[in-house]
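The values are calculated or read from the model by the stated rules, or taken from the named source; none is laboratory data. Note that the coordinates shown come from a computational prediction; the quantities given were computed from them, not determined experimentally. Heads up, the Cβs are rebuilt from the backbone with ideal geometry, glycines too, and the neighbour counts pull from every protein chain shown. The protein model used for the area step is the full one, side chains on, heavy atoms only, and it has no ligands, DNA or RNA in it. Shrake-Rupley method; radii C 1.70, N 1.55, O 1.52, S 1.80 Å.
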Amino acid sequence: QVQLVESGGGLVQAGGSLRLSCAASGRTFSSDAMGWFRQAPGKEREFVAAISSSGLNTYYADSVKDRFTISRDNAKNTMYLQMNSLIPEDTAVYYCATKRLGKSYWSDYGYDYWGQGTQVTVSS
């Protein structure tokens, strides 16, 4: 059974930064592509960023490109999301997930295991 635990969320002012972490256990971490999604109140869950199993390939939603950076440390079984220049529209619960082999990076249907989420709140 795969377990994913997010951390690093919090309250930050617009223009600030946060780094989210996703610690994984229960499966060979380096075998899985991973992704970050977010869900704001009253909205559907949306894709934020994803990273291949090796870390060589990364993918971003247009809304976060050039502000967010996804990375992973396979030796530590941990994935990260560095979020800079945060805006109030980034306020959401952020989830990490493991991607199903051969499925799309961009849709949450392509992911099987999910963390419990961490709240990010950006004040104006």
Within the stretch 1-51, considering residues that are basic (Lys, Arg) and within 11 Å of residue 83 (Cβ to Cβ), the one least open to solvent (accessible area, probe 1.4 Å) | 38
The correct count of residues that are within 15 Å of the chain's Cα centre (by Cα) and hydrophobic (A, V, I, L, M, F, W, C) in the stretch 1-28 is 7
Restricting to the stretch 107-121, what's the tally of residues that are surrounded by fewer than 19 Cβ atoms within 10 Å (Cβ to Cβ) and in a loop (DSSP other than H, G, I, E, B)?
-> 3
Which condition number does residue 104 fail, the rest of (1) open to solvent by 60 Å² or more (accessible area, probe 1.4 Å); (2) farther than 11 Å from residue 37 by Cα being met?
-> (1)
Could you grab me the full set of residues in the stretch 75-93 that are open to solvent by 50 Å² or more (accessible area, probe 1.4 Å) and assigned to a loop (DSSP other than H, G, I, E, B)?
-> 75, 76, 77, 84, 85, 87
Could you count how many residues in the stretch 30-55 are more than 19 Å from residue 66 (Cβ to Cβ) and among the aliphatic types (A, V, I, L, M)?
-> 3
Under 8 Å by Cβ, and 6 or more places apart or on different chains, what pairs join a residue from the stretch 89-100 that is more than 16 Å from residue 20 (Cα to Cα) with one that is assigned to a strand (DSSP E or B)?
-> 89/122; 99/34; 99/35; 99/50; 99/111; 99/112; 100/111; 100/112
Identify, by number, the condition in (1) farther than 15 Å from residue 7 by Cα; (2) more than 12 Å from the chain's Cα centre (by Cα); (3) not in a helix (DSSP H, G or I) that residue 98 doesn't meet.
-> (2)
So residue 124 fits all but one of (1) open to solvent by less than 60 Å² (accessible area, probe 1.4 Å); (2) of a type in the set (Gly, Ala, Ser); (3) under 29 Å from residue 13 (Cα atoms); (4) over 13 Å from the mean Cα position of the chain (by Cα); what number is the exception?
-> (1)
Mind checking which residues of the stretch 78-101 are in contact with a helix residue (DSSP H, G or I) (Cβ under 9 Å, 6 or more places away or on another chain) and farther than 13 Å from residue 34 by Cα?
-> 83
Quick one: what pairs do we get from the stretch 62-88, first residue on the phi > 0 side of the Ramachandran plot, second buried (at least 19 other Cβ atoms within 10 Å of the Cβ), C-beta under 6 Å, 6+ apart or different chains?
-> 77/24; 77/29
